[in-house]
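Peer 1: Let me begin by handing over the structure; questions about it come next.
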Amino acid sequence: MKNLKKMINRIWEVRFVFLSFILLLFFCQFMLQYREAIWPKLYMLIALIAGGLALLFSKLNDPKAIARNTFVIISFLGIANSLILPVRQNLDENTHYYYALQIADGKARIQTDEMNYLMVSPDFLAITKLPSKPGYQSKENTNLYTKEFLELDSIPADYTYKAVSPGKFNNPAYIPSAMGIKVGRLISDKLFVSYYMGRIFNLIFYALIAFLAVKHSKKYKKQLFLLATIPYALWIPAGYSYDSLYYGLILLVFSQLVNFLSKSTKTNARQLIVYEITCFLLVFCKAPMILLAAVPLFLPTENYYGKNIKFKVFFMGILVALASGLWLFQEAILRYFNQIIDNPNIQIVTNPNVNRMTYFISHPLYAFEVFIRSFSDMIATTTLSVEVPQPFFISAKTLSSINLFVFTSLFLLVILAFNEVVPRSLKLVLTSVLVIIATAVIYAISGDSRVFTIGDLYVEGVQGRYHYYILATLPILFANKFRSGLNSIGILVNTIDQEKIAVVLMKTVLILNFLNTAIAVFGYL
């Protein structure tokens with residue numbers, strides 16, 4: 001009888017929220033003031049099903065189910081995002097698709113450049129030629145309403161083409177997408193099936209890493225949950241992108257790092273090895289982030305179990321640096337051993353900024369100004385990523401304001417909820433590492449001639465989503481000062497209810513992500 005009553009309440013809750021979702025979809029249409037009335041029934045159905053399943057399989061009133069809810073929210077709403085997002089309309093998605101296709105074909109090494117790959121892979125050529133608003137200034141996007149796209153058959157690539165010449169190793173970050181493409185080909189001969197399966201596998205891969213990070217965290221669950229479910233963290237991995245690996249690994253890194261701070265449980269060598277391997281994997285998506293591998297060197301010795309632990313950490317850090325160097329300089333190494341032969345048929349684009357290091361060194365004042373301006377732009381770019389999480393889709397100002405207000409409120413809440421004591425020396429080390437990483441990121445992006453040329457005032461191409469690692473660090477750096485500051489003005493937060501915060505956090509995040517998904521239903525058509 002008790003279980004029956006519980007089931008009835010659950011069904012009623014689902015019905016109530018479904019009615020709310022329908023009303024929400026109705027109002028979403030009018031939030032996009034620049035569009036004529038469009039009612040995309042298929043995408044509305046996808047959004048409703050995703051929202052309903054996320055609600056049905058989550059346990060929003062159970063603070064202990066936060067890891068489960070992380071996976072459920074990312075999976076269901078993320079898959080909806082994968083289906084709603086038009087073809088090629090994620091960030092640099094066509095290039096990421098080019099790499100994933102080669103791995104799906106069993107090629108461990110890059111076979112040719114992207115331009116020549118159009119002649120190698122009929123699938124890649126077909127996807128590249130489809131209409132896209134941001135790509136070719138088309139009046140329409142390619143999506144599940146596009147008959148031409150749905151009728152395309154998948155055709156095997158021909159790697160005997162004369163321009164094919166194996167180069168560097170393909171990035172393992174694309175393996176999940178490649179697995180999805182492979183499974184899609186087994187399911188159907190239609191190209192759209194393998195294309196969407198590649199996206200969905202990439203998304204599920206991110207959801208699994210996020211789940212593990214939250215699950216195994218002892219003191220940082222709420223903070224990791226919020227980071228894992230930022231709307232842009234659901235949209236970017238929903239397409240072809242290695243940012244799914246980047247976001248997931250950052251979550252894992254800080255899950256482990258905060259665990260190391262606990263004095264009740266000593267950290268052993270095995271845990272440190274896992275941490276160092278996690279940091280090493282960052283080289284496949286955002287190389288400067290591997291500097292986080294050095295942080296355990298500066299933890300108090302009493303946090304470790306065993307002798308000579310600092311020496312072991314240092315030794316593992318050296319191994320990580322060497323392995324990372326092998327990956328980053330693999331092209332020069334392969335060329336030295338005659339494993340890469342220059343092919344005259346392959347087009348090579350030269351970068352006019354290759355000597356920027358020499359220029360920066362010889363013009364220190366200019367370099368200082370460029371980097372300071374780029375640093376000062378970090379808050380604005382991060383805010384923009386939070387406001388407008390979907391690529392190439394400028395939503396209504398109302399949604400942007402909601403995104404920023406809700407995320408900022410929740411972020412301050414999770415900073416307040418973090419009450420672990422962090423040594424001042426570790427905060428200084430983390431701050432230094434972040435500054436070095438940010439500098440390295442700015443310098444790396446300055447090598448892209450599309451966004452920076454010598455003489456520019458700042459490096460324009462550093463996007464807010466790159467600063468994900470900074471968001472993961474802020475609660476560690478500022479929680480104690482934030483709490484003491486509130487206490488000093490009479491707002492007592494020492495007895496804060498952690499479970500209530502978790503419940504409010506999970507419910508609000510689900511609503512926020514569904515709101516972004518529902519509005520994107522209209523905005524992308």
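Peer 1: Would you be able to tell me the number of residues in the range 286-339 that are more than 30 Å from S165 (Cα to Cα), among the charged types (D, E, K, R) and part of a loop (DSSP other than H, G, I, E, B)?
Peer 2: Final tally of qualifying residues: 1.
Peer 1: Could you list, in sequence order, all residues of the range 115-129 that are under 26 Å from the mean Cα position of the chain (by Cα) and free of Cβ contacts under 8 Å to residues at least 60 places away in the same chain?
Peer 2: Once the filter is applied, which keeps residues that are under 26 Å from the mean Cα position of the chain (by Cα) and free of Cβ contacts under 8 Å to residues at least 60 places away in the same chain, the range 115-129 yields F124, T128.
Peer 1: Of all residues in the range 428-447, how many are open to solvent by 40 Å² or more (accessible area, probe 1.4 Å) and either at pLDDT below 90 or within 23 Å of the chain's Cα centre (by Cα) (or both)?
Peer 2: Within the range 428-447, residues that are open to solvent by 40 Å² or more (accessible area, probe 1.4 Å) and either at pLDDT below 90 or within 23 Å of the chain's Cα centre (by Cα) (or both) number 6.
Peer 1: What number of residues within the range 458-484 satisfy the criterion of being open to solvent by 60 Å² or more (accessible area, probe 1.4 Å), in a helix (DSSP H, G or I) and of a type in the set (F, W, Y)?
Peer 2: 2
Peer 1: Let me confirm something: among K215, K219, which residue is basic (K, R) and either within 14 Å of N81 (Cβ to Cβ) or modelled with pLDDT under 95 (or both)?
Peer 2: K219
Peer 1: Taking the options A293, A287, A323, name whichever one is open to solvent by less than 20 Å² (accessible area, probe 1.4 Å), among the hydrophobic types (A, V, I, L, M, F, W, C), in contact (Cβ under 8 Å) with a residue 12 or more places away in the chain and touching a Phe, Trp or Tyr at 6+ places or on another chain (Cβ under 9 Å).
Peer 2: Answer to the selection: A293.
Peer 1: Residues of the range 38-48 being touching a residue at least 12 places away in the same chain (Cβ under 8 Å) and open to solvent by 20 Å² or more (accessible area, probe 1.4 Å), which ones?
Peer 2: Scanning the range 38-48 gives I38, L42, M44, I46, L48.
Peer 1: Of the numbered conditions (1) assigned to a helix (DSSP H, G or I); (2) without any contact (Cβ under 8 Å) to a residue 60 or more places away in the chain; (3) in contact with a Lys or Arg (Cβ under 9 Å, 6 or more places away or on another chain), K59 satisfies every one except a single condition; which is it?
Peer 2: Going through the list (1) assigned to a helix (DSSP H, G or I); (2) without any contact (Cβ under 8 Å) to a residue 60 or more places away in the chain; (3) in contact with a Lys or Arg (Cβ under 9 Å, 6 or more places away or on another chain), K59 breaks only (1).
Peer 1: Looking only at residues that are hydroxyl-bearing (S, T, Y) and surrounded by 18 or more Cβ atoms within 10 Å (Cβ to Cβ) in the range 382-427, which one is farthest from F478 (Cα to Cα)?
Peer 2: Here the answer is S395.
Peer 1: May I pose another question? For the range 197-236, how many residues are assigned to a helix (DSSP H, G or I) and either among the acidic types (D, E) or open to solvent by less than 10 Å² (accessible area, probe 1.4 Å) (or both)?
Peer 2: Total meeting the criteria: 20.
Peer 1: Additional query: Would you please list the contacts, defined by Cβ atoms under 7 Å and residues six or more apart or on different chains, that run from a residue in the range 409-430 that is over 25 Å from P288 (Cα atoms) to a residue that is surrounded by fewer than 18 Cβ atoms within 10 Å (Cβ to Cβ) and among the aromatic types (F, W, Y)?
Peer 2: These pairs meet every condition: I415/F478; I415/F482; L416/F482.
Peer 1: Among (1) farther than 30 Å from N303 by Cα; (2) out of contact with any helix residue (DSSP H, G or I) (no Cβ under 7 Å at 6 or more places or on another chain); (3) surrounded by 13 or more Cβ atoms within 10 Å (Cβ to Cβ), there is one condition G455 misses while meeting the rest; what is its number?
Peer 2: It is condition (3) that G455 fails.
Peer 1: Looking at the range 122-181 only, could you name the residues that are open to solvent by less than 20 Å² (accessible area, probe 1.4 Å), within 27 Å of L245 (Cα to Cα) and small (G, A, S)?
Peer 2: S132, G167, A173, S177, A178, G180
The values are calculated or read from the model by the stated rules, or taken from the named source; none is laboratory data. Just so it is clear, the structure is predicted and the values come from calculations on it, not from any experiment. For neighbour counting, all protein chains shown are included, and Cβ atoms are generated from backbone atoms with ideal geometry for every residue, glycine included. Side chains included, ligands, DNA and RNA excluded: accessible areas come from the protein's heavy atoms. Shrake-Rupley method; radii C 1.70, N 1.55, O 1.52, S 1.80 Å.
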